[in-house]
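The values are calculated or read from the model by the stated rules, or taken from the named source; none is laboratory data. No experiment lies behind these values; they were computed from the predicted model shown. Heads up, the Cβs are rebuilt from the backbone with ideal geometry, glycines too, and the neighbour counts pull from every protein chain shown. In case anyone asks, the SASA skips ligands and DNA or RNA and just uses the protein heavy atoms, side chains included. Shrake-Rupley method; radii C 1.70, N 1.55, O 1.52, S 1.80 Å.
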Amino acid sequence: MAPTQAASVLVASNRGPISYDVREDGSLHAKRGGGGLVSGLSAIGPETGALWVCSALGDGDREAVRRGVGEQGVRMLDIDADVHADAYNGIANSALWFVHHMLYQTPLEPVFDAEFRRQWASYETYNRAFAEALAEEAAPGAAVLVQDYHLTLVPRMLRELRPDLRIGHFSHTPWAPPDYFRLLPDDIAAQVLGGILGADRAAFLTQRWADAFTECCHAVLGPGIPSGTRIGVHGLGADADFLRERSHRPDVAERMAELREQIGTTADGKPRQAIVRVDRTELSKNIVRGLLAYRELLTDRPEWRERVVHVAFAYPSRQDLAVYRDYMAEVERLAEEINSQYGTPGWTPVLLNMKDDFARSLASYRLADVALVNPIRDGMNLVAKEMPVVSDDGCVLVLSREAGAYEELGEDAITVNPYDVSGTARALHEALTMPLDERAERTKRLAAAATALPPAQWFLDQLNALDS
Ligand code: F6P
């Protein structure tokens with residue numbers, strides 16, 4: 001529910017910190033989300049009267065807004081469901097996500113036609129709803145932190161409504177290089193950049209993405225950042241205190257025992273090595289090439305058969321989009337194919353699980369011998385940061401050079417080109433054969449680098465930078 005007084009710090013994002021389901025008896029059940037923003041926001045304390053403006057995402061959320069049910073410090077916007085679907089699925093997760101992660105198969109896509117223009121109009125309406133709500137709720141001179149590719153137009157719209165505000169925009173995704181960004185129609189590309197440039201500061205997870213944004217501005221809008229917007233970089237880190245405490249609770253221990261049982265032991269009674277990956281099944285995560293690399297490892301180096309297991313947790317994401325559902329099906333098909341090709345009565349080469357279970361993810365982090373993080377492109381990839389922090393005995397990180405995390409972790413990881421399946425198979429072999437003392441040393445350094453900027457500090461740094 002909206003607080004009664006105007007807020008001096010506001011956050012805006014599509015997905016908020018809470019969501020609602022309608023139960024069979026008609027009651028509403030609230031689920032709290034986690035993540036960097038939630039823990040970051042908690043750092044400034046309730047007395048600041050911070051407000052998080054987000055969108056209602058499903059029927060439960062919409063019902064909560066209509067019944068006036070809500071949390072102190074959260075305002076959920078009941079944007080028309082069709083408008084939201086166009087903006088979120090059509091523009092944000094299809095066009096903008098695909099551009100920034102360079103996911104198009106360009107002979108046939110993208111097609112920016114009349115249907116795209118119709119969806120773009122919804123994206124504008126949805127961004128305007130956020131800008132108007134923020135303008136209404138913000139105290140004079142308040143700081144507003146706008147998040148992500150869903151809300152690129154908000155900074156400029158809000159600046160026009162409320163010139164007194166200090167506005168920041170933060171991109172959690174990569175930013176496309178100019179040649180790829182310019183797949184977008186010229187006027188749309190200019191609108192996206194101009195929208196973000198309405199902010200006092202545009203911030204990114206790595207210098208690489210910040211530089212790409214600046215290059216796109218030059219290519220599309222002409223030399224110089226026209227509005228004088230400052231560019232910043234804040235590399236969100238893992239929340240070490242939370243992760244270490246949470247990963248030592250009994251439910252995680254229980255799941256570790258189950259996983260150890262499933263992974264099993266070699267003929268001479270030693271635990272098999274585990275190559276672990278944990279992802280939301282997004283097209284950019286490159287799970288299929290990870291499985292192909294694992295298969296190549298088993299094919300080319302038969303000595304690994306029965307001695308290693310690939311634990312792959314691939315949780316559902318954006319299931320309204322057919323291409324995401326098809327991708328999940330392909331992951332499943334390939335895992336089954338590898339298991340029927342190489343599996344034996346006592347050994348399942350791939351343990352694939354698609355049901356989200358946070359305690360089980362943490363259990364897999366603790367026992368991983370090798371962490372496989374090979375995205376095509378990724379804003380940061382927090383899994384790459386979390387695994388070394390939680391690991392019990394050290395794990396080798398096989399890391400894509402296209403993940404934002406590579407900037408901070410590259411030195412102590414084994415680096416891969418995400419498209420090079422044979423190279424990834426070789427990297428897996430190198431990881432599995434790394435001496436244990438080297439593995440432990442590297443893990444220590446990785447954990448230190450991964451926790452350099454905890455979520456609370458990440459958030460405060462952005463607020464402070466808006467003041468300066
Ligand atoms: O994983 C990165 C990210 O782009 C975040 O910035 C953003 O919060 C999230 O994905 C959006 O995911 P969803 O579509 O599930 O809300």
Where the centroid of each part is defined by its Cα atoms, how far is segment 375-437 from segment 7-41 in Å? 32 Å
Angle check, please: helix 186-196 long axis (alpha carbons) against the longest principal axis of the chain (alpha carbons), in degrees 0 to 90, nearest 10. 80 degrees
So which GluC sites (Glu not before Pro) in segment 69-158 pass both tests, a DSSP loop state and at most 15 other Cβ atoms within 10 Å of the Cβ? 71
I need the fraction of alpha carbon pairs in the chain separated by more than 39 Å, rounded to a whole percent. 24 percent
Taking the Cα centre of segment 227-311 as origin, sum charge times position over the Cβ atoms of Lys and Arg (+1) and Asp and Glu (-1), and report the length of that vector in debye to the nearest 20. 240 debye
In whole percent, and with a 1.4 Å probe on the protein chains, what portion of the accessible area of the chain is carbon and sulfur? 50 percent
To the nearest 10 degrees, how steeply does helix 114-137 sit against the main Cα axis of the chain, on a 0 to 90 scale? 70 degrees
Just flag the trypsin sites (Lys or Arg not before Pro) in segment 331-379 sitting in loop per DSSP whose Cβ has no more than 11 other Cβ atoms within 10 Å. 355
Accessible area expressed per residue, the chain, with surrounding protein chains retained (probe 1.4 Å, Å²): 41 Å²
With +1 on each Lys and Arg Cβ and -1 on each Asp and Glu Cβ, and nothing else charged, work out how big the dipole of the chain is about its Cα centre, in Debye to the nearest 20. 400 debye
Loop only by DSSP, 16 or fewer other Cβ within 10 Å of the Cβ. Give me the chymotrypsin sites (Phe, Trp or Tyr not before Pro) in segment 58-157 that pass, ordered by residue number. 104, 112
Out of 98, 387, 287 - ranked by how far each Cα lies towards the positive end of the dipole of the chain, with unit charges on the beta-carbon of charged residues - the top one is 387
Can you show me the helix-derived [θ] at 222 nm for the chain, built from DSSP H runs with n ≥ 4 at -39,500 (n - 2.57) apiece and divided by the number of residues, rounded to the nearest 500. -13500 deg cm²/dmol
Can you return the lysines within cross-link range of residue 31? Criterion is Cα-Cα under 23 Å, with same-chain partners fewer than 8 residues away left out. 355
Rel. contact order, % - alpha carbon contacts under 8 angstrom, at least six apart, the chain: 15 percent
Diffusion constant of segment 240-450 at 20 °C, which comes from Stokes-Einstein with the Kirkwood Cα-pair radius and 1.002 mPa s, µm²/s: 126 µm²/s
